Amino acid sequence: MLVALNRNGERIFSEKATKDEKYYCPICNMEMILKKGDVNRTHFAHKNNECKDKWHYDMSEWHINKQSYFDEIYQEVVIEKNGIKHRADILKDGIVIEFQHSPISAEEFKDRNEFYISAGYKVVWVFDLSKQMEEEQLYWDDYSSKENMMRWKYPLRILSQTNPPNRKNDILICITWDDIDDVDYENIYRIDWSTQEIYEDDLGRTIETGIPDYKKIIVSRPFYMEINMNLKQFFYSESQMIMDKLKREKIKYYIKKSGEKGLTRDAYVCPKNSEFGIEIFKKCMHCPYFYDYAKYGQAKFNCFCCYPTKINNN
């Protein structure tokens, strides 16, 4: 545990704690001891190793590093519902992030999801699949027509308890891994689609159960871990993710040439008048890339204007 309470009930991080003070568990209020060493990171532990919270919390170095990408106020936040308390790895924007490096039981996985949702939060699970990638149990499907399709030889069984992955869920399954040179790029991919479990009925017909088996998955564009990142973006559509990237990188314009394979239709709808395609140039006065339509009779380039024509100018 990295966070405990001091005598005044204030949250204190282990790195800022001192040996001469007393600290208490934010869940059971029992006294904690501060452990400092040369091998393990400084942390708090119960004196008697007992706590009312029976969840098993991942305290690996990988897990702690992921948490550290967020401000301290969002880390190890205690959530209470009907007198029951648990701590979330990250709580921000009404969304809980659970980083999972070590195995977790199906029972606890189900219990965590039900607890967080009943408390009014959405949940994003981020599983570390570095080992699976290294052993080629998870790999990109180079023969698929879809660039973002992967194959997974031995998917985590607990994931079959979730609904088929889509952006309307209150629970999202995401995956991440370190590259082969042990350089962590902090890319996180949301699973947007999965194959379903199938069986043959008595008539020999193939029946899809609707239960995801994750043997083939389609993943989103990567999310990049950054301090105080907006957690709502995990639930964005593909177009929203693109627009969010444009805003963050302060790109005011994106041009798509006619006939060029590009983004989804939503990305090319003008927010000024909700129109699509070349018609917007007849009345749009916001884009300097084009000649005056009335004067020259055509746009400077044969292309579409991508939403948003201008960003953050207010």
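Bear in mind that the values in this text are calculations on the coordinates, not laboratory data. Note that the structure is a prediction, hence the values are computed from the model and not measured. A quick note on method: Cβ atoms are made from the backbone with ideal geometry, for glycine too, and the neighbour counts reach across all protein chains shown.
In whole Å, what are the extents of the range 10-127 along the principal axes defined by its C-alpha atoms, from largest to smallest?
Cα extents, longest axis first: 39, 30, 27 Å.
According to a simple spin-label model (label point 7 Å from Cα along Cα-to-Cβ), what is the distance in nm between Glu21 and Asn49?
2.8
At 10 °C and 1.306 mPa s, grab the translational diffusion coefficient of the range 1-52 from Stokes-Einstein with a Kirkwood Rh over Cα pairs, rounded to a whole number in µm² per second.
146
Which length gain, in nm to one decimal place, applies between Arg205 and Asn228 when the Cα-Cα distance is subtracted from 0.36 nm times their residue separation?
Working: separation 23, 0.36 × 23 = 8.28 nm, distance 5.01 nm.
Gain on stretching Arg205 to Asn228: 3.3 nm.
Please identify every one of the trypsin sites (Lys or Arg not before Pro) in the range 5-104 that sits in a loop by DSSP and has no more than 10 other beta carbons within 10 Å of its own beta carbon.
Those satisfying the criteria are Arg7, Lys19, Lys47, Lys54.
Could you list the square roots of 5 times each eigenvalue of the Cα gyration tensor of the range 55-236, that is, the equivalent ellipsoid semi-axes, sorted largest first and rounded to whole Å?
Numbers: eigenvalues 154, 90, 43 Å².
Over the Cα atoms of the range 55-236, the ellipsoid semi-axes are 28, 21, 15 Å.
If you only keep lysine pairs separated by 8 or more in sequence, or across chains, how many in the range 2-67 come under 26 Å at the Cα atoms?
So the count of such lysine pairs works out to 24.
For Asn65 paired with Ser118, estimate the spin-label separation in nm (one decimal), with each label point 7 Å from Cα along the Cα-to-Cβ line.
It works out to 3.6 nm between the two label points.
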